[in-house]
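Comments concern the structure below.
The values are calculated or read from the model by the stated rules, or taken from the named source; none is laboratory data. Just so you know, these numbers come straight off a predicted model, no measurement behind them. No Cβ is skipped: glycine too gets one built from the backbone with ideal geometry, and neighbour counts run over all protein chains shown. Calculation scope for accessible area: heavy atoms of the full protein, side chains included, ligands and nucleic acids excluded. Shrake-Rupley method; radii C 1.70, N 1.55, O 1.52, S 1.80 Å.
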Amino acid sequence: MLFEHIIEVTNPAEEGPMITRTQLWNGLLLRAEAPDLFMEGIEAVDIIERHSDHIVREIQLGKFRVRDDIRFEYNAAVHYETAPSDVHGGGKLTMRIESPEEGHLFVRFTYDTPVPDTGDSEEAKLSGYLKSAYQQMDMDTIRTILEMAVDGELPGGVAH
């Protein structure tokens with residue numbers, strides 16, 4: 001299943017929190033390093049490898065363990081590659097910052113998973129459920145980043 005959606009983070013023409021690209025980037029990095037701050041149910045996060053441009057982490061969700069190789073494209077994108085396991089087919093996620101004009105920030109989320117997007121009704125139900133869950137999780141991520149930025153918890157200055 002290939003699924004993509006975009007979330008508006010800041011819009012200078014509308015009321016709402018304004019954050020800088022650096023704060024948004026730092027928030028996306030924090031989500032990679034400390035996903036438990038963004039998602040419920042994570043019992044443990046272990047950084048297995050750390051390099052200047054990527055990390056390898058494992059997260060524990062009950063009996064379920066997930067291993068991610070996360071690559072950083074500085075100030076532009078975070079690329080996740082989840083290893084397949086006995087209970088999960090793996091997949092890829094990219095979170096890309098886009099700024100079509102000054103002060104206007106978006107994050108484009110692109111998922112590529114082995115879940116079939118067509119076929120029988122059970123596959124269609126699963127695909128629809130996953131798309132909805134991904135979109136909700138991503139909206140929660142952006143909401144959390146905005147809250148952290150407004151509270152001064154993300155370095156990178158304050159947009160005006």
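Among the residues of this structure, residue 94 counts as one that is open to solvent by less than 50 Å² (accessible area, probe 1.4 Å), out of contact with any helix residue (DSSP H, G or I) (no Cβ under 9 Å at 6 or more places or on another chain) and closer than 26 Å to residue 58 by Cβ.
The residue pairs whose first member lies in segment 80-95 and is more than 20 Å from residue 131 (Cβ to Cβ), whose second member is at pLDDT 95 or above and charged (D, E, K, R), and whose beta carbons are closer than 6 Å, counting only pairs six or more residues apart or on different chains, are 83/67.
Remark: pairs (first residue in segment 1-26, of a type in the set (A, V, I, L, M); second residue surrounded by fewer than 17 Cβ atoms within 10 Å (Cβ to Cβ) and part of a strand (DSSP E or B); Cβ separation under 6 Å; 6+ apart in sequence or on different chains) = 2/112; 6/108.
The residues in segment 72-83 that are within 20 Å of residue 39 (Cβ to Cβ) and open to solvent by 50 Å² or more (accessible area, probe 1.4 Å) can be counted, and the count is 2. Taken as a whole, segment 98-117 holds no residue that is open to solvent by 80 Å² or more (accessible area, probe 1.4 Å) and hydrophobic (A, V, I, L, M, F, W, C).
Selection of segment 126-140 for residues being surrounded by 15 or more Cβ atoms within 10 Å (Cβ to Cβ) and among the acidic types (Asp, Glu) yields only 138. Residue 137 meets all of the listed conditions (1) touching a helix residue (DSSP H, G or I) at 6+ places or on another chain (Cβ under 7 Å); (2) closer than 19 Å to residue 61 by Cβ; (3) modelled with pLDDT of 95 or more but one, namely (1).
Residue 143 - would you say it is closer than 26 Å to residue 20 by Cβ, open to solvent by 60 Å² or more (accessible area, probe 1.4 Å) and assigned to a helix (DSSP H, G or I)? Answer is yes for this residue. Only one entry of 50, 57 meets the criterion of being open to solvent by 70 Å² or more (accessible area, probe 1.4 Å) and not acidic (Asp, Glu), and that entry is 50.
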